[in-house]
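Bear in mind that the values in this text are calculations on the coordinates, not laboratory data. The shown structure was predicted, so the numbers you read here are calculated from the model rather than taken from an experiment. Neighbour counts are summed over all protein chains in view; Cβ atoms, including those assigned to glycine, are modelled from backbone coordinates with ideal geometry.
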Amino acid sequence: LFLLPLSILFDIYSQLRAWAVWRLHSAPRQHAQRVRHIQAQVREWKDEGSRRYMCTGRPGWLTVSLRVGKYKKIHKNIMINLMDVLEVDSERQVVRVEPLVTMGQLTAHLNPMGWTIPVVPELDDLTVGGLIMGTGIESSSHVYGLFQHTCVAYELVLADGSLVRCSPTENSDLFYAVPWSCGTLGFLVAAEIKMIPAKKYVKLHYQPVRGLQKICEKFTEESKKKENSFVEGLMYSLEEAVIMTGVLTDEAEQSKINRIGNYYKPWFFKHVEKYLKADRTGIEYIPSRHYYHRHTRSIFWELQDIIPFGNNPVFRYLFGWMVPPKISLLKLTQGEAIRKLYEQHHVVQDMLVPMKSLEKSIQTFHVDLNVYPLWLCPFILPNNPGMVHPKGDEAELYVDIGAYGEPKRKQFEARASMRQMEKFVRSVHGFQMLYADCYMTREEFWDMFDGSLYHKLREQMNCKDAFPEVYDKICKAARH
């Protein structure tokens with residue numbers, strides 16, 4: 001009764017602001033002025049004697065991550081009010097944006113112009129800055145890689161107050177070190193992202209598969225096909241899944257169009273489950289923007305724990321237009337006791353593992369967590385420098401296994417179970433997404449991630465007095 005209307009007002013404000021900026025064309029003109037203000041704040045921090053670390057002044061509750069960053073209270077907060085699309089360069093096929101631009105805002109801006117970006121991470125409220133400094137993935141990642149691999153340049157304000165641009169050919173070490181660094185090398189003030197032509201529909205093929213081995217074989221086979229624009233799997237139990245493959249198209253059979261994003265429609269994961277229960281394949285044409293944000297209304301399947309009756313047709317038709325509540329507002333209004341309860345009895349984790357380890361990984365998730373549905377999203381991981389790259393010298397196919405919900409394992413204990421999972425992921429040369437709770441020791445963390453370039457740059461750019469190390473910023477073991 002309180003959060004849903006508040007979420008609507010928050011959305012209306014954001015959309016009106018974006019529309020006003022677009023109408024007035026004020027973003028490009030004011031960008032340089034705003035960046036100078038950030039530089040001035042950093043120089044002021046230096047003049048004060050650099051006595052404490054810096055961080056962005058954006059309140060912790062506004063982030064999509066469920067983690068509450070307590071460091072905001074003790075670090076020097078640098079206000080970064082950069083939330084606009086700056087330039088759409090059709091010739092270079094690049095869009096230049098500020099870091100607080102959201103995925104919902106960006107697709108709404110680009111689609112009417114006939115453009116989209118190659119990797120559109122799922123939830124509307126995910127920001128460009130968060131997806132670069134952390135990471136982002138979507139069902140097109142088997143072709144394009146992670147969100148960072150679609151970026152062609154970053155602009156940062158460094159610890160000395162200087163503004164630098166980096167790309168694969170200009171300050172390349174910094175360009176490759178920024179992703180996954182969680183704002184510990186500098187403040188991101190702009191990013192350039194590749195664009196691709198948008199098409200009206202995604203022709204989506206649903207295929208139920210039974211038997212873990214068959215599921216892994218089918219998913220691997222489809223993930224290797226570059227002719228698939230999208231590949232995604234939803235596992236409903238250890239032996240049951242629906243594997244979806246999609247292609248972008250401008251043509252559609254009218255009788256098979258499904259506007260799944262409309263507020264009164266069933267939640268996407270529930271809609272997909274119908275194909276499994278009926279044991280039949282199917283083809284639908286989903287409007288592109290509806291497809292990109294298909295899991296947004298139900299926050300994947302997290303909303304069934306928050307509003308258990310949320311997928312009821314009566315609720316959808318009467319109140320579905322108010323869904324979902326903002327994750328940020330949920331965090332803001334959550335008491336400490338509820339937060340701790342949630343932390344102990346709920347899991348939100350994405351583990352990135354090599355595709356060749358998929359079957360073993362799913363079995364491990366089943367034993368240690370027993371959470372369903374599981375999200376399967378393939379991606380190609382190029383052998384670039386930086387914190388995350390394959391073990392060998394060549395690009396390798398990986399898969400993101402997303403576990404969101406209440407573990408059904410009887411003896412689930414958050415710390416012990418997650419440490420067990422992290423140990424397994426390290427053993428197969430996988431990676432844990434850093435938005436989630438992380439229980440590793442410092443040694444274990446740097447065993448999982450390649451810190452060579454990151455530490456070299458922190459030394460070179462005098463970051464050690466300016467920003468905490470990424471481990472200290474995100475790991476539970478460092479904060480308790």
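Distance in nm between label sites at Arg409 and Ser50, each 7 Å beyond Cα in the beta-carbon direction?
Roughly 4.4 nm, to one decimal.
Grab the other residues whose beta carbon is less than 15 angstrom from that of Ala252, score K and R as +1, D and E as -1, and report the net.
+2
Report, in cubic angstrom per residue, the convex hull volume of the C-alpha atoms of segment 2-197.
Roughly 134 Å³ of hull volume per residue.
List the extent of the Cα atoms of the chain along each of their three principal axes, largest first, rounded to whole Å.
Here the spans come out as 67, 51, 49 Å, largest first.
So what is the relative contact order of the chain, in percent, for Cα pairs below 8 Å that sit 6 or more residues apart?
Result for the chain is 16 percent.
For a quick protection proxy, order the peptides 73-80, 269-276 by their average other-Cβ count within 10 Å, most packed first.
Packing proxy ranking, top to bottom: 269-276, 73-80.
Can you tell me which of 37-48, 432-443 comes out highest on packing, and rank the rest after it, using the mean Cβ neighbours within 10 Å?
Final packing ranking: 432-443, 37-48.
In whole percent, what relative contact order does segment 2-197 give with Cα contacts below 8 Å and a gap of six or more residues?
In percent, rounded to a whole number, it is 20.
Treat each spin label as a single point 7 Å out from the Cα along the C-beta direction, and report the Tyr263 to Glu459 distance in nm.
Roughly 5.7 nm, to one decimal.
Which percentage, to the nearest 5, of the DSSP beta bridges contained in segment 2-197 is antiparallel?
90 percent
Could you pull out every one of the aspartates and glutamates with an alpha carbon less than 14 Å from that of Lys391, ignoring same-chain neighbours closer than 8 positions?
Answer for Lys391, where 14 Å is the Cα cut-off: Asp447, Asp450, listed by chain and number.
Which helices count as membrane-span-like in the chain under these terms: full DSSP H, at least 18 Å along the axis by C-alpha, Kyte-Doolittle mean of -1.0 or more?
What comes out of the filter, once short or polar helices are dropped, is 3-24, 414-427.
Once you've got the Cα coordinates, tell me which of Lys225/Lys277; Lys199/Lys274; Lys203/Lys265; Lys73/Lys410 are over 25 Å apart. Each step should come with its number before you reach the end.
Details: Lys225/Lys277 27 Å; Lys199/Lys274 27 Å; Lys203/Lys265 18 Å; Lys73/Lys410 37 Å.
Long pairs (Cα-Cα over 25 Å): Lys225/Lys277; Lys199/Lys274; Lys73/Lys410.
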